[in-house]
1. Could you identify the single residue in Leu54, Leu71, Leu40, Leu49 that is of a type outside the set (Asp, Glu) and part of a helix (DSSP H, G or I)?
2. If I filter region 72-88 for residues that are aliphatic (A, V, I, L, M) and more than 26 Å from Pro158 (Cβ to Cβ), do I get at least one hit?
3. Could you tell me whether Leu29 is part of a helix (DSSP H, G or I) and open to solvent by 10 Å² or more (accessible area, probe 1.4 Å)?
4. Which pairs do you get when a residue that is within 16 Å of Arg77 (Cα to Cα), found in region 3-19, comes within reach of a residue that is among the β-branched types (Val, Ile, Thr) and part of a strand (DSSP E or B), reach meaning Cβ atoms under 6 angstrom, with the pair 6+ apart or on two chains?
5. Can you find a residue that is assigned to a helix (DSSP H, G or I), touching an Asp or Glu at 6+ places or on another chain (Cβ under 8 Å) and β-branched (Val, Ile, Thr) anywhere in region 77-84?
6. Which of the following residues is surrounded by fewer than 19 Cβ atoms within 10 Å (Cβ to Cβ), touching a residue at least 24 places away in the same chain (Cβ under 8 Å) and assigned to a strand (DSSP E or B): Leu200, Leu210?
7. Pick from Arg41, Arg45, Arg64: which is exposed (fewer than 14 other Cβ atoms within 10 Å of the Cβ) and of a type in the set (D, E, K, R)?
8. Counting only residues that are in contact with a Leu (Cβ under 9 Å, 6 or more places away or on another chain), open to solvent by 10 Å² or more (accessible area, probe 1.4 Å) and not in a loop (DSSP other than H, G, I, E, B), how many does region 117-169 have?
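The values are calculated or read from the model by the stated rules, or taken from the named source; none is laboratory data. Given the structure is predicted, the values throughout are model-derived calculations rather than measurements. Cβ sites come from the backbone with ideal geometry, for glycine too, and all protein chains shown count toward neighbours. When the accessible area is computed, the model is the full protein with side chains, heavy atoms only, and any ligands, DNA or RNA have been set aside. Shrake-Rupley method; radii C 1.70, N 1.55, O 1.52, S 1.80 Å.
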Amino acid sequence: WTIPAQVYLYKEVVVDIKMSGSPSSSLPLLSRTMRGCPHLRALVRSLKLVTRRLPSSEHIEWIRLLPEGILCYCDYRWGLAIGLNDTFVASILQASALRGVRRITVNGPHSPESVTATLSLPHLEELNISFYYYRHCDLSRIVVPPKLKRVFIVIGVPSQAAPYKLLEYVASAPQVQDIAVQFHPYSSTVADRAALVNALSSTTHNLRRLHL
């Protein structure tokens, strides 16, 4: 029964780095276990990582030890405390284990590095991306993944160009079939609505569903 239990316990792993205080007792234990047990690392298929502050390397270094392309789903959320650390955020998204990710959720103060790293995942089919914090983010040079089919964009801050530029790219990509855009209260201004219309002006005939 040991092997089925291990498969069940390690198929989905959640790591939550809180804003302050000592880490939960389970976090160091998980880190030591994953660093020392490659057979358990090989069982992970889904990873949820929440970093409200810059974590200690000992608590997350094992993520880079996961076998290449092993993850199918990743949910990565980072807070304002590390929002300006482009190197750290991009290094997580560029980990070899994420190369096989088909679905990803990303939520944080985005930079060109974080968006580019996300869209560089070669097998990505579904993207859920939220823009909740204002930060200038030039997305003039991004490439839509070849297998991307479904995109969900949450716009939480008004007058921010980045989500509309991303929407423009995915709307014009022939492989994208499903787009949903959600506005949070007070995040839609006249300028935002104009940007939305402009971004969707290049929608392809392959798009099967558009939800606003």
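1. Details: Leu54 fails: part of a helix (DSSP H, G or I); Leu71 fails: part of a helix (DSSP H, G or I); Leu49 fails: part of a helix (DSSP H, G or I).
Selected residue: Leu40, the only one of Leu54, Leu71, Leu40, Leu49 that is of a type outside the set (Asp, Glu) and part of a helix (DSSP H, G or I).
2. No: zero hits.
3. yes
4. Asp16/Val50; Ile17/Thr51
5. no
6. Result of the check over Leu200, Leu210: Leu210.
7. Going through Arg41, Arg45, Arg64 in turn, the sole match is Arg64.
8. So the count comes out to 9.
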